[in-house]
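The values are calculated or read from the model by the stated rules, or taken from the named source; none is laboratory data. Every value quoted in this text rests on a predicted model; they were computed, and no experiment measured them. In this analysis, Cβ positions are derived from the backbone assuming ideal geometry, glycine residues included, and neighbour counts consider all displayed protein chains. Areas reflect the complete protein model, heavy atoms only, side chains present, ligands, DNA and RNA absent. Shrake-Rupley method; radii C 1.70, N 1.55, O 1.52, S 1.80 Å.
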Amino acid sequence: MLGLETSCDETAAAVLDGDNRILGHVILSQDVHEVYGGVVPELAARAHLQKVDSVVNEALERAGVALEDVDVFGVTTGPGLIGALLVGVCWTKAVAWALDRPWVAVHHMEGHLFGPVLEDPQAEPPFIALLVSGGHTLLLYVTAWGEYELLGKTRDDAAGEAFDKVAKLLGLPYPGGPAVQRIAEDGDPERHRLPRPMLRRNQTVEDPAFYDFSFSGLKTAVIDLTTKLGDSLSDEAPHVAAAFQDAAVDVLVSKTLRAMRETGCGRVVLGGGVSANVHLRQEMERRIQELDAETGPRSVHHASLRLSLDNGAMIARAARFRFEKGESAPLDQNAWASLDFPGLRDGSRGITLPKT
Ligand code: KG4
Ligand code: ZN
């Protein structure tokens, strides 16, 4: 199985064997965007086009297989930047057609859901999934692969987007998440108090905001704080970063714990770029101890760094799941900037879900 990912600013490919072992794995991060402080879609598409052949070839070489040895191709068809997605989708369709092989369309966020299980056999359903990336923030109850109950989502900015915007305010480079995390290590999170949007102690599961997130208010609070700090911002930046990271992580962890309590599911899986955040991982580990014993055994699962950020292996793994379910895509299949999460429903299994 060859997985290809070109939805944003990483050109990534990976080869899995029949037991889902990673044989070859390559991620090329585009540095062309650095000077702009964010991803420029047109430049991303062009960079994918220039590099896609060499990235795939390198992944095949590391795997010790030829292109003709690939049985099935998987590629991200959405959501993402349309020009960027089209490079991967057109490449895959052309090769699948030329070699007469099936290919599978993969939803990027379902890919992230499959990242952790590549390394950790315990990251299997049922689990609560917190998917946090640059474009999405989703809290899911995964009862089985392919069966996803939407508990909460962001109403405005995604968690990673908030990290990126705060980084920009603090004069840090793109992508912002790792940079904010780095300077927050030297900061005191208590020195400035920032709000916890949509998190109030007295919320009940009937409250539509019980599981949902909002990060744009937090970003505005950081803007106000940086304006107030004026010239002292450069000295205060680590404290501001720490206060922001603390607030964002508090909300993410608190809502995940709510989902664990309501469903009685003790396993949590973290996916997406923001799941690389060390504070998020540590706080999740620490605070699951707050849960009552009736949740049963509690555990947190996440991928290593290379499988948390966008990569081809998670796409290949999700493609295998879809292919084994009998799915393959036709040659007139398109790429989509926005795309419904397959198998996602807003319903309940003994739990009352808020209307979203
Ligand atoms: O999943 P991903 O690689 O791409 C998307 O699907 O968007 O996620 C990228 C996002 C960026 O917003 C980046 O700032 C954030 O993940 N990120 C982090 C960390 N590493 C990456 N956010 C917080 N802490 C990190 N260590
Ligand atoms: Zn992603």
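Take residue 274 and decide whether it is assigned by TED's automatic domain parsing to the domain that holds residue 154 and within 16 Å of ligand 2 (Cβ to nearest atom). For residue 274, the condition - assigned by TED's automatic domain parsing to the domain that holds residue 154 and within 16 Å of ligand 2 (Cβ to nearest atom) - is met.
Against the criterion of being hydroxyl-bearing (Ser, Thr, Tyr) and out of contact with any Asp or Glu (no Cβ under 7 Å at 6 or more places or on another chain), residue 141 does not qualify. Restricting 190, 161, 185 to those that are more than 15 Å from ligand 1 (Cβ to nearest atom) and not β-branched (Val, Ile, Thr) reduces the list to 190.
For region 104-123, taking the residues that are touching a Pro at 6+ places or on another chain (Cβ under 8 Å) and assigned to a helix (DSSP H, G or I), the one that is nearest to ligand 1 (Cβ to nearest atom) is identified as 108.
Filtered by the rule that a residue be surrounded by fewer than 24 Cβ atoms within 10 Å (Cβ to Cβ) and either polar (S, T, N, Q) or in contact with a Lys or Arg (Cβ under 8 Å, 6 or more places away or on another chain) (or both), region 301-326 gives 301, 304.
Just to verify a result, which residue in region 8-31, among those that are of a type in the set (Gly, Ala, Ser) and open to solvent by less than 10 Å² (accessible area, probe 1.4 Å), is farthest from ligand 2 (Cβ to nearest atom)? Ranking the candidates gives 24 first.
Of the strands (runs of 3 or more DSSP E) lying entirely inside region 1-98, those containing at least 3 residues that are within 29 Å of residue 332 (Cβ to Cβ) are 2-5, 10-16, 73-78. Residue-level check: of (1) at pLDDT 95 or above; (2) open to solvent by 10 Å² or more (accessible area, probe 1.4 Å); (3) away from ligand 2 (no atom under 16 Å from the Cβ), residue 178 misses just (3). Here 34, 5 are screened, and the one residue that is in contact (Cβ under 8 Å) with a residue 12 or more places away in the chain, open to solvent by 60 Å² or more (accessible area, probe 1.4 Å) and within 15 Å of ligand 1 (Cβ to nearest atom) is 34. Only one entry in 249, 253 is in contact with a His (Cβ under 7 Å, 6 or more places away or on another chain) and either of a type outside the set (A, V, I, L, M, F, W, C) or assigned to a helix (DSSP H, G or I) (or both), namely 249.
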